[in-house]
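The values are calculated or read from the model by the stated rules, or taken from the named source; none is laboratory data. Worth saying up front: this structure is predicted, and the values here are computed from it rather than measured. No Cβ is skipped: glycine too gets one built from the backbone with ideal geometry, and neighbour counts run over all protein chains shown. Surface accessibility is based on the protein's heavy atoms, side chains included, excluding ligands, DNA and RNA. Shrake-Rupley method; radii C 1.70, N 1.55, O 1.52, S 1.80 Å.
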Amino acid sequence: MKKYFYFLFLLFITVSCTEDVKFNNPAFQALKDNVFWRAPTYEAGVFSSGTLIVTGKLGSEQVILQIESTQAKTYTLGSRSSSAAIYFNDSGDGEVFNTEDNASNGQITITDFDAVNKTVSGTFRFTAVNVHSADAEKQKVTFTEGVFYKVPVTQTIVFEN
């Protein structure tokens, strides 16, 4: 009788164990000032010059990553870089933060640019300074542990002269 009890117990444990796994595929997320931030809307585009723009939007907030190339490598952000990160919030005072200042820093790493499936993946981290820092309450914003994964490249942006 004990054997049947152990068998039923083992069977019950095996059957009742399930995992509910949610995949974020694609995704655009980070820690904004140490608080989890996930963009439900994201897209990427490539300029005819080769510059890649990856954008994530959460309500009135938006992060724009401007990367000088689609090549898989790490790009340094700051005042002497052609790559940049911009964060802005359309609500309230319309705060704008960017990494084109000497007090800014960060990096964007492209891990995969899939030209066939038209997706881009990578990581990012940056500290951006408020454009209106003289009269702003918040002087800077920091994004860490940022990830964009299989974000669709939806358009090629061509400028005509």
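Checking the cross-link pairs 57/150; 73/150; 32/73 against a 19 Å limit on the alpha carbon distance flags 32/73 as lying beyond it. So which GluC sites (Glu not before Pro) in segment 51-97 end up in coil per DSSP with only 16 or fewer other C-beta atoms within 10 Å? Those satisfying the criteria are 68. Per-residue Karplus couplings for segment 149-154, computed as 6.51 cos²θ - 1.76 cosθ + 1.60 with θ equal to phi - 60°, are listed in order as 10, 6, 6, x, 8, 8 Hz, Gly and Pro entered as x. Taking all C-alpha pairs of segment 56-128, those more than 17 Å from each other amount to 47 percent.
Take segment 27-75 with all the other protein chains still there, run a 1.4 Å probe, and you get 45 Å² of accessible area per residue.
The 3J(HN,Hα) values that the Karplus relation (6.51, -1.76, 1.60; θ = phi - 60°) gives for segment 42-59 are, in residue order, 8, 6, 9, x, 10, 6, 4, 6, x, 5, 9, 10, 10, 10, x, 10, 9, x Hz. Gly and Pro appear as x.
Here's how it looks for residue 83: its modeled amide H is under 5 Å from those of 68, which are all 5 or more places away or on a different chain.
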